[in-house]
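Chemist: The structure under discussion is supplied below as structure tokens; questions concerning it will follow.
The values are calculated or read from the model by the stated rules, or taken from the named source; none is laboratory data. Fair warning: this is a prediction, and the values are worked out from it, not measured in the lab. Positions of Cβ are generated from backbone atoms using ideal geometry, with glycine treated the same way; all protein chains shown enter the neighbour counts. Accessible surface is based on the protein model in full, side chains and every heavy atom, while ligands, DNA and RNA are left aside. Shrake-Rupley method; radii C 1.70, N 1.55, O 1.52, S 1.80 Å.
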Amino acid sequence: MRWYVVHAYSGMEKAAERNIIERVQRAGMQSKFGRILVPTEEVVEIKNGVKRTTERKFFPGYVLVEMLLDDDTWHLVKNTAKVTGFVGGARTRPTPISEAEVQKIIGQMQEGTDKPRHKVEFVTGEYVRVKDGPFTDFNGTVEDVNYDKNKVRVSVTIFGRATPVELEFNQIEKA
């Protein structure tokens, strides 16, 4: 079995995954199919002061399918609702992706589950604008980022002097 990338309607990846699984079972082709994945990772976002973990697709519009490629399996996947076709290769013969690429994607998915990333990531030296709090509409440079506490230290110019100010992620935005 080899891995193939299937293009699905954007935002409908999970539905395409379910439809493929359903069609495989109805056709009785379980022996020709392996895993079917929508590559996702968990991200932490803060809305209205509430910390939430959500799922984010890191390849929007794509589903990975492990299968033995023949005319029957190709037609089954290609003619599934919410699927637009295969990625790569000739019109009737898609090109499989390497096992190393699949392992990298699965590793990335596992890493996202073990330690969720933040939805918005700030980098030291990045230019940001304060959108909330006593320093609203001030611009500054990120000096330090603390993802554990969801805080960032920004150097803001007040009265001509650079002053370090500690702010929460939801108080700033990328400039």
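Chemist: Quick one: is Glu121 among the charged types (D, E, K, R), assigned to a helix (DSSP H, G or I) and modelled with pLDDT under 85?
Modeler: Criteria not met by Glu121.
Chemist: Whether any residue in the stretch 131-138 is touching a helix residue (DSSP H, G or I) at 6+ places or on another chain (Cβ under 9 Å) and surrounded by 16 or more Cβ atoms within 10 Å (Cβ to Cβ) is what I want to check.
Modeler: Yes, the stretch 131-138 contains a residue that is touching a helix residue (DSSP H, G or I) at 6+ places or on another chain (Cβ under 9 Å) and surrounded by 16 or more Cβ atoms within 10 Å (Cβ to Cβ).
Chemist: Report yes if Lys104 is at pLDDT below 85 and not aromatic (Phe, Trp, Tyr), otherwise no.
Modeler: The answer is no for Lys104.
Chemist: Between residues in the stretch 125-137 that are of a type in the set (Lys, Arg) and at pLDDT 90 or above and residues that are exposed (fewer than 12 other Cβ atoms within 10 Å of the Cβ) and in a loop (DSSP other than H, G, I, E, B), which pairs lie under 7 Å by C-beta distance while being six or more apart or on different chains?
Modeler: Taking only residues 6 or more apart or on different chains, the pairs are Arg129/Ala175.
Chemist: So Arg23 ticks every box in (1) open to solvent by 50 Å² or more (accessible area, probe 1.4 Å); (2) touching a strand residue (DSSP E or B) at 6+ places or on another chain (Cβ under 8 Å); (3) of a type outside the set (Val, Ile, Thr); (4) under 12 Å from Val77 (Cα atoms) but one. Which box is left unticked?
Modeler: (2)
Chemist: Could you tell me whether the stretch 58-70 includes any residue that is over 20 Å from Glu99 (Cα atoms) and either modelled with pLDDT of 95 or more or not in a loop (DSSP other than H, G, I, E, B) (or both)?
Modeler: Taking every residue of the stretch 58-70 in turn, none turns out to be over 20 Å from Glu99 (Cα atoms) and either modelled with pLDDT of 95 or more or not in a loop (DSSP other than H, G, I, E, B) (or both).
Chemist: Being within 25 Å of the chain's Cα centre (by Cα) and among the aliphatic types (A, V, I, L, M) is the filter; apply it to the stretch 143-175 and report the residue that is modelled with the highest pLDDT.
Modeler: By that ranking, first place goes to Val152.
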